[in-house]
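Derivation of every value follows stated rules applied to the coordinates shown; laboratory data play no part. Here the structure is a predicted model, which means the values were calculated and not measured.
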Amino acid sequence: MFSKRNKSRFKKSGYNHVLALGGGGARGLAHVGVLKVLQKEGIKISGIAGTSMGALVGAMFAYYGDATEVEGLFRKFLKSKFHEKFGKTFFVLSENPEAYHLPKKIIEKLGRGYIYLKAVSRNAVFSQNILKDTMSFLLPDVDFRNLKIPFVCVSTDLVSGKEIIFKEGKLHPAVLASSLIPGIVEPIKMNGMILVDGSTTSMVPVAAARNTLVKNSLRKRSKVIAVDVSMELQRDAEPATAFEVALRSGEISNNYLTKACLNESDFVIHPNVGRTNWANFEKLDELIKAGESAARKFLVRLRIQD
């Protein structure tokens, strides 16, 4: 752990830091661990940009201003009756469905067939309500102006194909638009746009952090710290079906897009989240610890370079 002397040096370094928190579903819980360490060590955060789960965690920290409080809210949520319903709704999308305490045969015979039927007949499997209820549990629907830390989040317009940056107005619609997983949760229509998850254009919103938060900052020496919680790309078996070919191709494309985003940041934090499935929120403790560990390693690099 860093000493008070080191904390003081970080505070006097002359730099503010803007965070770009990436998407990744449950893996985004690692952001909480990163924020806990940065806060404890006195790192000044002058702005936060978020994509998908990074948008939710970032908005919570920007509002509450305390990573420990954010962690407590997630723990309360995961113990709630609402999460029991939430988890069972998403269990069919987990790579480890048995972790949700439901018989695997039921998942295979009933759940997946139902999901596939909805997927080919509608524009998404689930309605927006499940995410709206989640946000209402975790975060009040305040205006961006009421946040303690400047915050932006990104979404993607399916009509124009452009990245959309939210930086004003009500918070809930913005975070919702950033978190609508394409094909899984129905898009939202807004001002002639059809909006889905920001990870479609920016898995880690480095450009939004630099072009919006750093550009508008009173302190031009702000550095962008990207936090990447995307799934590791590993060597895989030869795809046997057209569906597997499409999935693998998308995974590779996403990996290269993420690397391109990260190259534009000043620093990158990579929590060791491995290939944790985006729906596996049961790994809360493990993921937060991964974020804490990665943040501590980053601070060692920062101290050396500063």
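Average 1/r across all pairs of distinct alpha carbons in segment 183-233, invert it, and you get the Kirkwood radius: 13.5 Å. Rounded to the nearest whole angstrom, the semi-axes of the ellipsoid equivalent to segment 17-77, taken from the Cα gyration tensor as √(5λ), stand at 16, 14, 10, largest first. The convex hull of the Cα atoms of segment 122-228, projected and averaged over all directions, covers 7.3 nm².
Distances between placed amide hydrogens fall under 5 Å for VAL224 paired with VAL18, ASP266, PHE267, all partners being 5 or more residues away or on another chain. For the residue pairs LYS81/LYS170; LYS40/LYS167; LYS189/LYS289; LYS44/LYS189; LYS162/LYS297, the alpha carbons lie more than 30 Å apart in LYS189/LYS289; LYS44/LYS189; LYS162/LYS297. Here the 3J(HN,Hα) profile of segment 183-196, calculated from phi with Karplus coefficients 6.51, -1.76 and 1.60 at θ = phi - 60°, is x, 9, 10, 4, x, 10, 8, 8, 6, x, 9, 10, 9, 9 Hz, Gly and Pro shown as x.
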